[in-house]
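Student: Structure below; questions to follow.
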Amino acid sequence: MEFLEQKMQEENYADAVKQVKKIKGFYVHFTIYIVISFMMLGVKMYYTNSTESIFRLQNFNTFIFWGIGIIAHAGAVFIPQLKFGKKWEEEKIKKIMQRKKNNKIY
């Protein structure tokens, strides 16, 4: 019984390490997004004439689309139990094993 408990602890630790790496990756991605966004905004403000408005859609395309990517990355890191989470994988494996046991194809 101790062997199984130790094995589960090792698996839980490995999962926790993976999750921490994912969170760290997200924070690095988000930090780079913020820094680059401010740099781009500064450059756009510097090179925009005083008669032009900085608030044009073309000036914010990068922020918008990269921001969508940031939101998707956050969802993948902080909401891993979406449709294809670990529980779904386990259920799918059980179904496939049951089908093979019953000699059913597909």
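Student: With the Cα gyration tensor of the chain in hand, give its eigenvalues times 5 under a square root as the equivalent ellipsoid semi-axes, listed largest first in whole angstrom.
Tutor: Result for the chain: semi-axes of 48, 20, 7 Å.
Student: Return the single residue from Lys86, Lys22, Lys95 with maximal mean-square fluctuation; model: Gaussian network over the chain, springs between Cα atoms under 10 Å.
Tutor: Ranking Lys86, Lys22, Lys95 by mean-square fluctuation puts Lys95 first.
Student: Scan the chain and note any complete DSSP helix (H) whose C-alpha atoms cover at least 18 Å along its axis and whose Kyte-Doolittle average is -0.5 or more. The partial results should precede the final answer.
Tutor: Working: long enough: 2-47 (67 Å, 0.05); 57-78 (31 Å, 1.19); 86-101 (22 Å, -2.24).
For the chain, where a helix must reach 18 Å along its axis and average at least -0.5, the hits are 2-47, 57-78.
Student: Assign unit charges at the C-beta atoms only (+1 for Lys and Arg, -1 for Asp and Glu), then state the dipole size of the chain relative to its Cα centre in Debye, rounded to the nearest 20.
Tutor: On the way: 17 positive and 9 negative charges, 139 e Å.
Around 660 debye, computed over the chain.
Student: If you don't mind, another one. Can you tell which of Val77, Ser37, Phe26 lies farthest toward the positive end of the dipole of the chain, using +1 and -1 charges on the Cβ of basic and acidic side chains (Lys, Arg; Asp, Glu)?
Tutor: In the chain, that residue is Val77.
All of the numbers you see were taken from the coordinates with simple rules; none came from a lab. This structure is a prediction, so every number in the text was calculated from the model and none was measured. With ideal geometry, Cβ positions are generated from the backbone for all residues, glycine too; neighbour counts draw on all protein chains shown.
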